[in-house]
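Participant: Quick one: structure below, then a few questions.
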Amino acid sequence: MFEGAFVALVTPFKDGRVDEETLRRLVDFQIESGTSGIVPCGTTGESATLSHAEHKTVVEVVIEQAAKRVPVIAGAGSNNTAEAIELTLHAKQAGADAALHITPYYNKPTQEGIYQHFKAIAEACRFPLVPYNIAGRTAVNIETPTMARIAELDEVVAVKEASGSINQMVDVIMACKPELDVLSGDDGMLLPLLAVGGKGVISVVNNLVPDKVIEVVRAWQEGDTVRARQLFFKLLPLCKAMFIETNPMPAKTAMEMMGLIPSAQMRLPMCQMQPANKEKLAGVLKEYGLIT
């Protein structure tokens, strides 16, 4: 159902509010550059500091602007199952194509609790779901047997796997139903995941160079593995630069430098990058030809 290079879209701010005008421009930029789909209100979209009203507005604006030109997988995750259901129902009613769900964070649920969380969302919403496994953010890993159970839910169509372990990614692909689309949640794991049967990536660096990320995927799909490797290696320093500091701080800073957004405003506890790291980031962008 989902393959290619999807953008984990940033949420632009202006004077402390969601900058809807810039958000619409970013959606158009992504689609015109060939992105496979758009994922608003994820980690990169600073969902943790959006109010519920803002969250819903961002989802609605992205869906409206995308106008069915590409799929929209709306972030709807929460550590509160009832809240996750509410956000998923909103995404469904707004016209999204699926909902992205992070593992419940802070609560540190058991593996059974994780399964019951996703089961409850599936039963309440009857809408395509994409579980998002990133233990570095949530403190809880979705173990492969649990992911296989979750994948048996009819509503689960894909998974964003950001465990950082290619072994776990392989295990998930082998353990889950063949029609489950496994997407990398880590730009630096894109090519290794494609090589073992993954379908693509939900990408941070896609905010900057969507055409370059999709090139890697297309080269692989066309069987040109040498070109895919060359393109991936060229892209890798830029991918790594997106994590010089906590995401989305480098991504937003780079986008401001490139003129993609008027301001790299973030909400506390996200803050402006340290000067030395900002200089390193600028150096990578210059080397890549994205700024002068």
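Participant: Within the stretch 39-52, identify whether any single residue is under 12 Å from the mean Cα position of the chain (by Cα), over 20 Å from K108 (Cα atoms) and either free of Cβ contacts under 8 Å to residues at least 24 places away in the same chain or part of a strand (DSSP E or B) (or both), and answer yes or no.
Facilitator: Kept after step one, since they are under 12 Å from the mean Cα position of the chain (by Cα), are these residues of the stretch 39-52: 39-47.
Right, trim to over 20 Å from K108 (Cα atoms) and you get 39-41, 44-46.
With the extra rule that they be either free of Cβ contacts under 8 Å to residues at least 24 places away in the same chain or part of a strand (DSSP E or B) (or both), the set shrinks to 39.
Within the stretch 39-52, one or more residues are under 12 Å from the mean Cα position of the chain (by Cα), over 20 Å from K108 (Cα atoms) and either free of Cβ contacts under 8 Å to residues at least 24 places away in the same chain or part of a strand (DSSP E or B) (or both).
Participant: Here is a follow-up. Give the stretch 170-201 a look and list any residue that's in contact with a Ser or Thr (Cβ under 7 Å, 6 or more places away or on another chain) and surrounded by 22 or more Cβ atoms within 10 Å (Cβ to Cβ), or say none. Steps first, please.
Facilitator: Looking only at the stretch 170-201, we keep the residues that are in contact with a Ser or Thr (Cβ under 7 Å, 6 or more places away or on another chain), and these are 171-172, 175, 187, 190, 193, 198, 200-201.
Scanning the stretch 170-201 gives V172, D187, L190, L193, G198, G200, V201.
Participant: Looking only at the stretch 129-176, which residues are of a type in the set (G, A, S), over 21 Å from V72 (Cα atoms) and in contact (Cβ under 8 Å) with a residue 60 or more places away in the chain? So that I can check it myself, show each step before the final result.
Facilitator: If we filter the stretch 129-176 for residues that are of a type in the set (G, A, S), which is where we start, we get 135-136, 139, 148, 151, 158, 162-165, 175.
With over 21 Å from V72 (Cα atoms) added as a condition, the list becomes 135-136, 139, 148, 163-165, 175.
Within the stretch 129-176, none qualify.
Participant: Residue by residue through the stretch 231-265, note down the ones that are assigned to a loop (DSSP other than H, G, I, E, B), under 21 Å from G185 (Cβ atoms) and touching a helix residue (DSSP H, G or I) at 6+ places or on another chain (Cβ under 6 Å). First the steps, then the outcome.
Facilitator: Filtering the stretch 231-265 for residues assigned to a loop (DSSP other than H, G, I, E, B) gives 242-248, 259-265.
Restricting the remaining residues to those that are under 21 Å from G185 (Cβ atoms) gives 242-248.
The answer is M242, I244, E245.
Participant: Kindly evaluate G289 against the criterion of being in a loop (DSSP other than H, G, I, E, B) and within 28 Å of I173 (Cα to Cα).
Facilitator: On the way: in a loop (DSSP other than H, G, I, E, B): yes; within 28 Å of I173 (Cα to Cα): no.
For G289, the condition - in a loop (DSSP other than H, G, I, E, B) and within 28 Å of I173 (Cα to Cα) - is not met.
Participant: Given the criterion within 29 Å of V213 (Cα to Cα), among the aliphatic types (A, V, I, L, M), touching a residue at least 24 places away in the same chain (Cβ under 8 Å) and not in a loop (DSSP other than H, G, I, E, B), identify the matching residue among I114, I63, I85. Steps first, answer last, please.
Facilitator: On the way: I114 fails: within 29 Å of V213 (Cα to Cα); I85 fails: within 29 Å of V213 (Cα to Cα).
Answer to the selection: I63.
Participant: Filter the stretch 6-30 for residues that are polar (S, T, N, Q) and surrounded by 24 or more Cβ atoms within 10 Å (Cβ to Cβ) and give the result. Give the derivation first.
Facilitator: First, the residues of the stretch 6-30 that are polar (S, T, N, Q): 11, 22, 30.
Selection gives T11, Q30.
Participant: With (1) modelled with pLDDT of 95 or more; (2) among the aliphatic types (A, V, I, L, M); (3) crowded, with 17+ Cβ neighbours inside 10 Å as the list, and I134 as the residue in question, which single condition is left unmet?
Facilitator: The number of the failed condition is (1).
Participant: Let me ask something else. Any chance you could count how many residues in the stretch 203-230 are part of a helix (DSSP H, G or I), surrounded by fewer than 21 Cβ atoms within 10 Å (Cβ to Cβ) and more than 17 Å from the chain's Cα centre (by Cα)? Spell out the reasoning first.
Facilitator: Of the residues in the stretch 203-230, the ones part of a helix (DSSP H, G or I) are 205-207, 210-221, 225-230.
If we keep only those that are surrounded by fewer than 21 Cβ atoms within 10 Å (Cβ to Cβ) as well, we get 211-212, 215, 218-219, 221, 225-227, 229-230.
Filter once more, so that each one left must be more than 17 Å from the chain's Cα centre (by Cα): 215, 218-219, 221, 225-227, 229-230.
Residues in the stretch 203-230 being part of a helix (DSSP H, G or I), surrounded by fewer than 21 Cβ atoms within 10 Å (Cβ to Cβ) and more than 17 Å from the chain's Cα centre (by Cα): 9 in total.
Participant: Farther than 16 Å from P210 by Cα, without any contact (Cβ under 8 Å) to a residue 60 or more places away in the chain and not in a helix (DSSP H, G or I): which single residue out of T11, T57 fits that description?
Facilitator: It is T11.
Participant: Now, a different point. Which residue, of A74, A99, is within 20 Å of V140 (Cβ to Cβ), in a strand (DSSP E or B) and touching a helix residue (DSSP H, G or I) at 6+ places or on another chain (Cβ under 8 Å)? Reasoning before the result, please.
Facilitator: On the way: A74 fails: within 20 Å of V140 (Cβ to Cβ).
It is A99.
Participant: Which of the residues spanning the stretch 163-188 are in contact with an Asp or Glu (Cβ under 8 Å, 6 or more places away or on another chain), closer than 30 Å to G259 by Cα and either of a type outside the set (A, V, I, L, M, F, W, C) or at pLDDT below 95 (or both)?
Facilitator: Kept after step one, since they are in contact with an Asp or Glu (Cβ under 8 Å, 6 or more places away or on another chain), are these residues of the stretch 163-188: 164, 168-169, 172, 177, 181-185.
Those still in the list that are closer than 30 Å to G259 by Cα too: 183-185.
Within the stretch 163-188, S184, G185 qualify.
Participant: Restricting to the stretch 122-134, name every residue that is among the hydrophobic types (A, V, I, L, M, F, W, C) and within 15 Å of the chain's Cα centre (by Cα). Outline the logic, then answer.
Facilitator: In the first step, residues of the stretch 122-134 are kept if they are among the hydrophobic types (A, V, I, L, M, F, W, C); the result is 122, 124-125, 127, 129-130, 134.
Those that are among the hydrophobic types (A, V, I, L, M, F, W, C) and within 15 Å of the chain's Cα centre (by Cα): L129, V130, I134.
The values are calculated or read from the model by the stated rules, or taken from the named source; none is laboratory data. Predicted, not measured: the structure shown is a model, and the values here were computed from it. Here the Cβ is made from the backbone with ideal geometry for all residues, glycine too, and neighbour counts use every protein chain on show.
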